[in-house]
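Nothing in this text is a laboratory measurement; each read-out follows from the coordinates by a stated rule. Because the structure is a prediction, the values reported are computed rather than measured. In this analysis, Cβ positions are derived from the backbone assuming ideal geometry, glycine residues included, and neighbour counts consider all displayed protein chains.
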Amino acid sequence: MLKDIQVLNEKETRAGFGEGILEAGRRNENVVALTADLAGSLKLNAFIKEFPERFIQCGIAEANMMGVAAGMTIGGKIPFTTTFANFSTSRVYDQIRQSIAYSNKNVKICASHAGLTLGEDGATHQVLEDIGMMKMLPGMTVIVPCDFNQTKAATIAIAAHEGPVYLRFGRPKWPNFTAENHPFEIGKAQILAEGTDVSIFACGHMVWLAVEAAKALAEKGISVELINIHTIKPLDETTVIASVKKTGCLVTAEEHQINGGLGDSIANVAARQCPAPHEYVAVMDTFGESGTPKQLLDKYGLTTAHIISAAEKALARKGR
């Protein structure tokens, strides 16, 4: 299966969101888009052109945008809020908790420019805590798609899902490798390759780097079970448990703090059901800084080489 995973092209995941919300709007007249002065960055121009009456420019007032979105659900609308991930979470956490999550409002919080790959904008914009913040809210669904095609599919899927959703995606062009028409099922992990020696669980941009790592490990005779955890919550515990029981060790890879993200979610399940050696590829309890995406991923240990090293450490701990 690994050899069949090839780059189709390179596209921004945020562009996948733009195409996805346009299609969601065509399918359901209740879909509306709100933005905090970032329509261009969130690729909303096509939606605005086709559905101008369903677009609300809230200005640089993210907290107000969340309140407006919550209110719109009462009239049956399906609001998609759009801004950078840091401003979608840290700046408005109180409004999300009180006005959206607490009353289970059908708001889709769509967050671009997440993680280190935001790049030169630096630490104030590179939110690395958002997955943890959002998954801790009762009833909140948290989705982190891996490429353009999957982001588009996820955006369409969340429009049909009842309840609050946090959809996280990125800024830069990134390898687009999932099938264009592959069905997206919320809460169901995507097994990219079956293996017997080590499980690698990844989300977002790190999935492609995990594909590269799995291919390199295969050349060393190491059989990798590679799983794309595009839905952090609800987590596909059945797939996680089955994989870890089969391989006996695991690696998690995410563009997020080591605390509170994908790794913690997987560890919680494994600790209760199938304890095994676990290595993390994540940002190690620090803020980011300004730099190119590649420079930052290298410096903070989020590369193919780091995933390979983590897998070898997990295997050594298992006693292979």
(request) Could you list the trypsin sites (Lys or Arg not before Pro) in the range 213-257 that lie in coil according to DSSP, counting only those with at most 13 other Cβ atoms within 10 Å of their Cβ? (result) Lys220
(message) Quick check for me: using +1 on Lys/Arg Cβ and -1 on Asp/Glu Cβ, what's the dipole size of the range 69-146 about its Cα centre, in debye to the nearest 20?
(response) 400 debye
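I need to check one value: relative contact order of the chain, counting alpha carbon pairs closer than 8 Å and at least 6 residues apart, in percent.
On the way: 745 pairs, mean separation 59.3, N = 320.
Taking the mean separation of contacting Cα pairs over the length of the chain, I get 19 percent.
For the range 210-301, state which chymotrypsin sites (Phe, Trp or Tyr not before Pro) are in a DSSP loop and have at most 15 other beta carbons lying within 10 Å of their beta carbon. Before the final figure, lay out each step's value.
On the way: sites: Tyr280, Phe287, Tyr300; in loops: Phe287, Tyr300.
Filter output for the range 210-301: Phe287.
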(request) Within the range 112-181, list the GluC sites (Glu not before Pro) lying in a DSSP loop whose Cβ has at most 13 other Cβ atoms in a 10 Å radius. (result) Glu162, Glu180
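Using a simple charge model, +1 on the beta-carbon of Lys and Arg, -1 on the beta-carbon of Asp and Glu, nothing else, what dipole does the chain show about its Cα centre, in debye to the nearest 20? Present the calculation step by step, with values, prior to reporting the outcome.
On the way: 31 positive and 34 negative charges, 81 e Å.
Computed charge dipole of the chain: roughly 380 debye.
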(request) With label points built 7 Å along Cα→Cβ from the Cα atoms of Ser223 and Glu53, find their separation and express it in nm. (result) 6.0 nm
(message) Charges on Cβ only, +1 for Lys and Arg, -1 for Asp and Glu, centred on the Cα centroid of the range 223-303; of Ala270, Ala282, His256, which one is farthest towards the dipole's positive end?
(response) Ala270
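Between their Cα atoms, which of Lys294/Lys318; Lys49/Lys152; Lys173/Lys220 are more than 23 Å away from each other?
On the way: Lys294/Lys318 32 Å; Lys49/Lys152 18 Å; Lys173/Lys220 30 Å.
The answer is Lys294/Lys318; Lys173/Lys220.
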(request) As a check on your grasp of the helix formula, calculate [θ] at 222 nm for the chain: sum -39500 (n - 2.57) over DSSP H runs of n ≥ 4, divide by the residue count, round to the nearest 500. (result) -11000 deg cm²/dmol
(message) Show me, for the range 256-272, the HN-Hα J-couplings you get by feeding each phi into the Karplus relation (A = 6.51, B = -1.76, C = 1.60, θ = phi - 60°), rounded to Hz, glycine and proline as x.
(response) 6, 4, 4, 8, x, x, 4, x, 5, 5, 5, 4, 4, 5, 5, 4, 7
(message) With angles folded into 0 to 90 degrees, how steeply does helix 206-219 sit against the dominant principal axis of the chain? Use alpha carbons for both and round to 10.
(response) 20 degrees
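Subtract the Cα-Cα distance of Asp298 and Asn104 from 0.36 nm times their separation in residues, and report this length gain in nm to one decimal. Mind dumping the intermediate values first?
Values: separation 194, 0.36 × 194 = 69.84 nm, distance 3.93 nm.
Extra length from Asp298 to Asn104 when fully extended: 65.9 nm.
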(request) Under a 10 Å cutoff between Cα atoms, tell me which one of Gly75, Gly248, Gly20 has the largest fluctuation in the Gaussian network model of the chain. (result) Gly75
(message) Could you tell me the relative contact order of the range 2-176? Use alpha-carbon pairs under 8 Å, at least six residues apart, and round to a whole percent.
(response) 31 percent
(request) Can you tell me the 0 to 90 degree angle between the C-alpha axis of helix 62-74 and the longest principal axis of the chain, rounded to 10? (result) 80 degrees
(request) Starting from the amide H of His256, placed 1.01 Å from N in the peptide plane, find each other amide H under 5 Å away whose residue is 5 or more places distant or on another chain. (result) Val283
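How much length is gained on full extension from Asn9 to Ile241, taking 0.36 nm per residue of separation minus their Cα-Cα distance? Show your work: numbers first, answer last.
Working: separation 232, 0.36 × 232 = 83.52 nm, distance 3.30 nm.
Additional length available on full extension: 80.2 nm.
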(request) Order by neighbour count: Met1, Met65, fewest other Cβ atoms within 10 Å first, most last. (result) Met1, Met65
(request) Working from Cα positions, state the angle (0 to 90°, nearest 10) between the long axis of helix 237-247 and the longest principal axis of the chain. (result) 20 degrees
